[in-house]
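Engineer: Here it is, the structure, as structure tokens.
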Amino acid sequence: MSPVSLRESLRKAVASQEEIEADEEREDAVRATGCTAVAQTSDRHRVKVSGVIRSVVLRPRQGVPALEAELYDGSGNLVLVWLGRREIAGIEPGRRLKVEGLVCTREGRRSMFNPRYELRPRPGE
């Protein structure tokens, strides 16, 4: 066994569940070709990101419905906001998603408004 694979095996053996899940999400995002890690996105740049939805909430803005979803890719979180929407079929916690749009920083959080999206299969589908 090489030193690198031994080191990786030891790291995985003592990793927390959260670290293991983050590794799995990063690996899945890499498989989704052409995607950028959330941690590597910068303000006012158009990117493609892939991850899993952690939460979905309806948060009206100035009287207009707005659906917000938190996307996690193992490197960080991205808030997805669809203005004028109360719900979107398939946008639910646990769902894998590939999104494309302009990243901005709002209230200290990376966000993307009205992104193009592609539903991806869940693990085991």
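Engineer: Just need a number here: residues in the range 35-58 that are assigned to a strand (DSSP E or B) and within 9 Å of residue 73 (Cβ to Cβ). Working first, answer last.
Structural biologist: The first filter runs over the range 35-58 and keeps only residues assigned to a strand (DSSP E or B), leaving 45-58.
Narrowing the set further to residues that are within 9 Å of residue 73 (Cβ to Cβ) leaves 49-52.
Qualifying residue count, the range 35-58: 4.
Engineer: Another question, then. Condition check: touching a residue at least 24 places away in the same chain (Cβ under 8 Å) and of a type in the set (Lys, Arg). Does residue 59 satisfy that?
Structural biologist: So residue 59 does not fit the description; no.
Engineer: Of the numbered conditions (1) closer than 17 Å to residue 39 by Cβ; (2) touching a residue at least 60 places away in the same chain (Cβ under 8 Å), residue 109 satisfies every one except a single condition; which is it?
Structural biologist: (2)
No value in this document is a laboratory result; all are computed from the given coordinates. From a predicted model like this one, the values you see are computed outputs, not experimental measurements. In this analysis, Cβ positions are derived from the backbone assuming ideal geometry, glycine residues included, and neighbour counts consider all displayed protein chains.
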